[in-house]
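S.K.: Attaching a single structure in C-alpha cells format; questions to follow.
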Amino acid sequence: MAAAAPPTPSSTPFFLDDGAGGQRLCVHYPAVLAAAAAPRGQILLLPPFAEEMNKSRRMIALAARAFAAAGVEVLTIDLLGCGDSSGDFGDAAWTRWSDDVRLAVGWLDARALPGTDGAKPPLWLWGLRAGALLAPAAFDLALDRPLHLLLWQPVTAGKLQLQQFMRLRVAADLIGGQAKGAVQAMRDQLARGEPVEIAGYLLAPALAEGLESAQLKPSPRVRRVAWLELSPREDATLTPAATMAVEAWTAQGAEVRAAVCQGPSFWAATEIEEAPRLIEASLAALTADADFATRPVEAVSA
Amino acid sequence: MNTQQHLLAILDDVLSLEGRAKDFTVDTALLGAIPELDSMAVVSLITALEEQFGFVVDDDEIDGATFATVGALLDFVNGKLAA
C-alpha cells in the first residue's frame, strides 16, 4: 500500500492587533502533525533590519514551511513600520519593536498545547541577522517553558548593524564621487533629534539609539542556542567573533550547537538567493533531542 | 585559496555573479562597469571583506578608486592584511 503523501504545510496571513499601536502583519504556519502527535515546539521569527528583511523573505518562507512540516508551529511578524504592518519606517523605535516581539510571543504562548509529558514544548526565537538583538525582549517574560535560540548569521552588537546601514549613504556618495564625511553628518543630525534618510528608509533617532545600544549576550534564561552562519566556501570555519560567543554561551550553561553552512549571504545578495543547507541545519537543530550539543562545531557542505 | 581567489569568491557571492568572477583578472573594472555593484552591494562587499578577512574598514579609508578594478581592491585588501 502506498503511503499517503504528507500533508502540505499551510500558511495564513493575519493582522495581530496592538490596540492604539495599530496592527502587525503576521503569517502563521501551523505545525503539520500526525494524528495525536504533540507539536515539537513553536518558533517566532525575529526579522532582520530594513532592506535585509526584503532580501530574506523568500528564505524565511521556505524555512517556515520546512519547520511547520517538521511539526514546529511558526509565526513570522512584520515589525512596526515594516512590510504591511502599521506605520512608516520613520515611526519605528527600538522599544516599540521589543514590544512587538513580546506581543507575538504572547500570541504563540497562548496557543501552545502541552506535549505528551503535560508540559508546553520549547519556544524558539529565530533571530536572523539584527533580529537576534531583539531576543532579549522575551528573556524576562514569565513563560513556563524552555526558551531556545535559532540564530542565523546573528548580529550581536547593534552598533555594527547601524554602522553598516549608515554606510549605504557612504557608498552612494562614493559612487557619486562626493566628498567624505557622510557618517559624521548623519550622526550629528541624529544627535540633534532629527531623522536621517538612508537608502529610502527614514531612520528616527529613537530607532538609531536603541539599535546602537542593543546587544545579545548570554542569558541563563536560554537553554539551547543553535548558532548558524553561512559562507560561500565549503571549508569555512566559524568567525573568531562567533567562536567567542559560542564559548560564552557554553560557559553560561546553555547547550550550544554551531555550524557554518555553505551558501550565499541571501540577506545582502543582489538577487533573491536560497541557502538550502541552512534550512537543513536548522531543521536538525529544531528536531534534535538530548544529542543537541553533541556535535558542537561542524561545517555543513556538499 | 590565495587572497585573490578568496576575494573573487566574495565578489561572486555578494554580486550574485554565478561563477563569472572566476574569470576576473586584476585589470577587470568594477565600479561603474559591473551593474550589480550598486551602493547596497558596495556595503555588502565591505562587510563581507571585514568578516571574511577579519579586519575593520574605516569609512575614511575608502573612496571610488578602491573599487575601480579587481587589482585596486586586491591592493587594498593586501594592505589591510599587512597592517
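S.K.: Looking for whichever is at pLDDT 95 or above and assigned by TED's automatic domain parsing to the domain that holds residue A:99 here; the options are A:33, A:44. Which one fits? Lay out the reasoning, then the answer.
M.R.: Numbers: A:33 fails: at pLDDT 95 or above.
Exactly one residue qualifies, and that residue is A:44.
S.K.: Among the residues in the stretch B:68-83, are any in contact with an Asp or Glu (Cβ under 8 Å, 6 or more places away or on another chain), within 21 Å of residue A:55 (Cβ to Cβ) and surrounded by 13 or more Cβ atoms within 10 Å (Cβ to Cβ)?
M.R.: For the stretch B:68-83, residues in contact with an Asp or Glu (Cβ under 8 Å, 6 or more places away or on another chain), within 21 Å of residue A:55 (Cβ to Cβ) and surrounded by 13 or more Cβ atoms within 10 Å (Cβ to Cβ): absent.
S.K.: State whether one or more residues within the stretch A:7-25 are surrounded by 21 or more Cβ atoms within 10 Å (Cβ to Cβ) and in a helix (DSSP H, G or I).
M.R.: Taking every residue of the stretch A:7-25 in turn, none turns out to be surrounded by 21 or more Cβ atoms within 10 Å (Cβ to Cβ) and in a helix (DSSP H, G or I).
S.K.: Then there's this: Which residue, of A:86, A:98, is of a type in the set (Ser, Thr, Tyr), surrounded by fewer than 24 Cβ atoms within 10 Å (Cβ to Cβ) and at pLDDT 95 or above?
M.R.: On the way: A:86 fails: at pLDDT 95 or above.
Of A:86, A:98, the one residue that is of a type in the set (Ser, Thr, Tyr), surrounded by fewer than 24 Cβ atoms within 10 Å (Cβ to Cβ) and at pLDDT 95 or above is A:98.
S.K.: Also: Which one of the conditions (1) surrounded by fewer than 18 Cβ atoms within 10 Å (Cβ to Cβ); (2) in contact with a strand residue (DSSP E or B) (Cβ under 9 Å, 6 or more places away or on another chain); (3) within 21 Å of residue A:56 (Cβ to Cβ) does residue A:274 fail to meet, given that it meets all the rest?
M.R.: Exception for residue A:274: condition (2).
S.K.: In the stretch A:202-219, which residue that is within 14 Å of residue A:188 (Cα to Cα) and without any contact (Cβ under 8 Å) to a residue 60 or more places away in the chain is surrounded by the fewest Cβ atoms within 10 Å (Cβ to Cβ)?
M.R.: For the stretch A:202-219, the residue satisfying everything is A:205.
S.K.: State yes or no: is residue A:84 over 14 Å from residue A:21 (Cβ atoms) and free of Cβ contacts under 8 Å to residues at least 24 places away in the same chain? Don't jump to the end; show me each part of the working.
M.R.: Numbers: over 14 Å from residue A:21 (Cβ atoms): yes; free of Cβ contacts under 8 Å to residues at least 24 places away in the same chain: no.
No: the conditions fail for residue A:84.
S.K.: I want to confirm something. Restricting to the stretch A:198-231 and keeping residues that are part of a loop (DSSP other than H, G, I, E, B) and not basic (Lys, Arg), which single residue is nearest to the other protein chains (Cβ to nearest Cβ)?
M.R.: Going through the stretch A:198-231, the residues part of a loop (DSSP other than H, G, I, E, B) turn out to be A:199-200, A:204, A:214, A:216-221.
Those still in the list that are not basic (Lys, Arg) too: A:199-200, A:204, A:214, A:216, A:218-220.
Numbers: A:199: 7, A:200: 10, A:204: 21, A:214: 18, A:216: 17, A:218: 21, A:219: 25, A:220: 29 Å.
Looking at residues that are part of a loop (DSSP other than H, G, I, E, B) and not basic (Lys, Arg), I get A:199.
S.K.: Now, a different point. If you check residue A:119 against the conditions, is it farther than 30 Å from residue A:238 by Cβ, in a loop (DSSP other than H, G, I, E, B) and more than 12 Å from chain B (Cβ to nearest Cβ)? Full working, then the answer.
M.R.: Values: farther than 30 Å from residue A:238 by Cβ: yes; in a loop (DSSP other than H, G, I, E, B): yes; more than 12 Å from chain B (Cβ to nearest Cβ): yes.
Yes.
S.K.: Please return the ranges of helices (runs of 4 or more DSSP H) entirely within chain B where 2 or more residues are over 11 Å from the mean Cα position of the chain (by Cα), away from every other protein chain (no Cβ under 13 Å) and without any contact (Cβ under 8 Å) to a residue 12 or more places away in the chain.
M.R.: Details: elements: B:3-14, B:39-53, B:70-82.
Where helices (runs of 4 or more DSSP H) fall fully within chain B and carry at least 2 residues being over 11 Å from the mean Cα position of the chain (by Cα), away from every other protein chain (no Cβ under 13 Å) and without any contact (Cβ under 8 Å) to a residue 12 or more places away in the chain, they are B:70-82.
S.K.: So, in the stretch A:277-291, how many residues would count as being more than 14 Å from residue A:62 (Cβ to Cβ) and touching a helix residue (DSSP H, G or I) at 6+ places or on another chain (Cβ under 8 Å)?
M.R.: Step one: list which residues in the stretch A:277-291 are more than 14 Å from residue A:62 (Cβ to Cβ), which gives A:284-291.
Next, from what is left, pick out any that are touching a helix residue (DSSP H, G or I) at 6+ places or on another chain (Cβ under 8 Å): A:286.
Looking only at that region, the number is 1.
S.K.: Got at least one residue in the stretch A:254-262 being assigned to a strand (DSSP E or B) and of a type in the set (Asp, Glu)? Before the answer, list the steps.
M.R.: Initially, the stretch A:254-262 is screened for residues assigned to a strand (DSSP E or B), giving A:255-262.
With the extra rule that they be of a type in the set (Asp, Glu), the set shrinks to A:255.
Yes, the stretch A:254-262 contains a residue that is assigned to a strand (DSSP E or B) and of a type in the set (Asp, Glu).
S.K.: Considering only residues that are more than 7 Å from every other protein chain (Cβ to nearest Cβ) and not aliphatic (A, V, I, L, M), which ones fall in the stretch A:255-274? Before the answer, list the steps.
M.R.: We begin by selecting, within the stretch A:255-274, every residue more than 7 Å from every other protein chain (Cβ to nearest Cβ); these are A:255-263, A:266-267, A:272, A:274.
Residues satisfying the conditions are A:255, A:257, A:261, A:262, A:263, A:266, A:267, A:274.
S.K.: Looking at the stretch A:130-148, which of its residues are buried (at least 24 other Cβ atoms within 10 Å of the Cβ) and closer than 21 Å to residue A:65 by Cβ?
M.R.: A:131
S.K.: Taking residue A:231, is it at pLDDT below 95, buried (at least 17 other Cβ atoms within 10 Å of the Cβ), more than 30 Å from residue A:176 (Cβ to Cβ) and of a type in the set (Ser, Thr, Tyr)?
M.R.: Values: at pLDDT below 95: yes; buried (at least 17 other Cβ atoms within 10 Å of the Cβ): yes; more than 30 Å from residue A:176 (Cβ to Cβ): yes; of a type in the set (Ser, Thr, Tyr): yes.
When the stated conditions are applied, residue A:231 passes them.
The values are calculated or read from the model by the stated rules, or taken from the named source; none is laboratory data. Keep in mind it's a predicted model, so treat the numbers as computed, not measured. Note that each Cβ is placed from the backbone with ideal geometry, even for glycine, and that neighbours are counted across all protein chains shown.
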